[in-house]
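See below for the structure under consideration.
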Amino acid sequence: EAMAAVGLFGMKVPKEYGGLGFSVTSYARVLGFIGGYCASTVAFISAHQSIGVPQPLKEFGTEEQKRKYLPRLAKGEISAFALTEPGVGSDLQSVKTSAVKDGEGYYTVNGAKTFITNGWNADLVITVAKTNPALGAKGTSLVLVERGMKGFERGKRLKKLGLKAQDTSELFF
């Protein structure tokens, strides 16, 4: 809550979506300062800011998605990026999680992810899934999965040797 109150959740979110709109240099300076006190906090913020919030949504999201999610994430909701899978690791071409579109344009996601930074606390999970397996890596998409969606569950919180204050977990779809 304290980090959200001073804008740390929205450093890289453009100002028009409620963020601070920091440059990469300014963002790196803030992380460097925080890292001098707590590496777990830097891991959390980096996962939220660098691979969670702005990059996929800012670069590839529709305007509707940007307006819906970026202000919420800049104000304190948490994001995660789910790529790594049991038995596959982070090999994009070998991802087994699938997303099948129904007649109304919604996707059903099936699969599992592991070692997901911020996975336990995330409000929005940007999930790597195969939408067209015949196309190999080009048939892979990013699917937005929100906390509370039917069929989305968190597994156990994983114990680590270091950065114990930063959450890492399993996710099931």
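The values are calculated or read from the model by the stated rules, or taken from the named source; none is laboratory data. Keep in mind the model is a prediction, meaning the values are calculated, not measured. Neighbour counts are summed over all protein chains in view; Cβ atoms, including those assigned to glycine, are modelled from backbone coordinates with ideal geometry. Heads up: the accessible areas ignore ligands, DNA and RNA and are worked out on the full protein's heavy atoms, side chains in. Shrake-Rupley method; radii C 1.70, N 1.55, O 1.52, S 1.80 Å.
Among 44-51, 148-155, the peptide with the highest mean count of other Cβ atoms within 10 Å heads the list, and the full ranking is 44-51, 148-155.
Could you tell me which of rounded, prolate or oblate describes region 91-152, using a ≥ b ≥ c as the square roots of the eigenvalues of the alpha-carbon gyration tensor, with rounded for a/c under 1.5 and, failing that, prolate when a/b is larger than b/c and oblate otherwise? Cα axes put region 91-152 in the oblate bin. In percent, rounded to a whole number, the relative contact order of region 1-153 is 19, using alpha-carbon pairs under 8 Å and six or more apart. Taking the alpha-carbon centroid of each part, what is the distance from region 18-66 to region 85-103 in angstrom? That distance is 25 Å. Take the alpha carbon gyration tensor of region 1-118, find the square roots of its eigenvalues, order them as a ≥ b ≥ c, and report rounded if a/c is under 1.5; if not, report prolate when a/b exceeds b/c, else oblate. Taking the square roots of the gyration eigenvalues as a ≥ b ≥ c, region 1-118 is oblate.
Using C-alpha pairs below 8 Å separated by at least 6 residues, the relative contact order for region 68-173 is 28 percent.
Computed over protein heavy atoms with a 1.4 Å probe, the carbon and sulfur contribution to the accessible area of region 14-173 reaches 55%. Close amide-amide hydrogen proximity is noted between Asp123 and Ile78, Ser79, each under 5 Å apart and 5 or more residues distant or on a separate chain (H modeled in the peptide plane; Pro and chain starts excluded). Sequence-ordered 3J(HN,Hα) estimates for region 108-119 from the Karplus curve with 6.51, -1.76 and 1.60 and θ = phi - 60° stand at 9, 9, 10, x, 9, 10, 9, 6, 8, 5, 6, x Hz, glycine and proline given as x.
Counting lysine pairs in region 29-167 that sit 8 or more residues apart in sequence, or on different chains, and whose Cα atoms lie under 15 Å apart gives 11.
Accessible surface calculations at 1.4 Å, restricted to protein heavy atoms, place region 64-173 at 57 Å² per residue.
With a/c under 1.5 counting as rounded, go ahead and sort region 35-89 into rounded, prolate or oblate using the C-alpha gyration tensor (a ≥ b ≥ c being the square roots of the eigenvalues; past the cut-off, prolate if a/b is larger than b/c, else oblate). Oblate is the answer for region 35-89, as a/c is 1.5 or above yet b/c matches or exceeds a/b. For trypsin sites (Lys or Arg not before Pro), the sites in region 19-114 that DSSP calls loop and that have at most 16 other Cβ atoms within 10 Å are Lys96. A Förster radius of 35 Å combined with the Cβ-Cβ distance from Ser26 to Lys96 puts the calculated FRET efficiency at roughly 0.35.
Packing order of peptides 78-91, 125-138, highest average first: 78-91, 125-138 (average count of other Cβ atoms within 10 Å over each peptide's residues).
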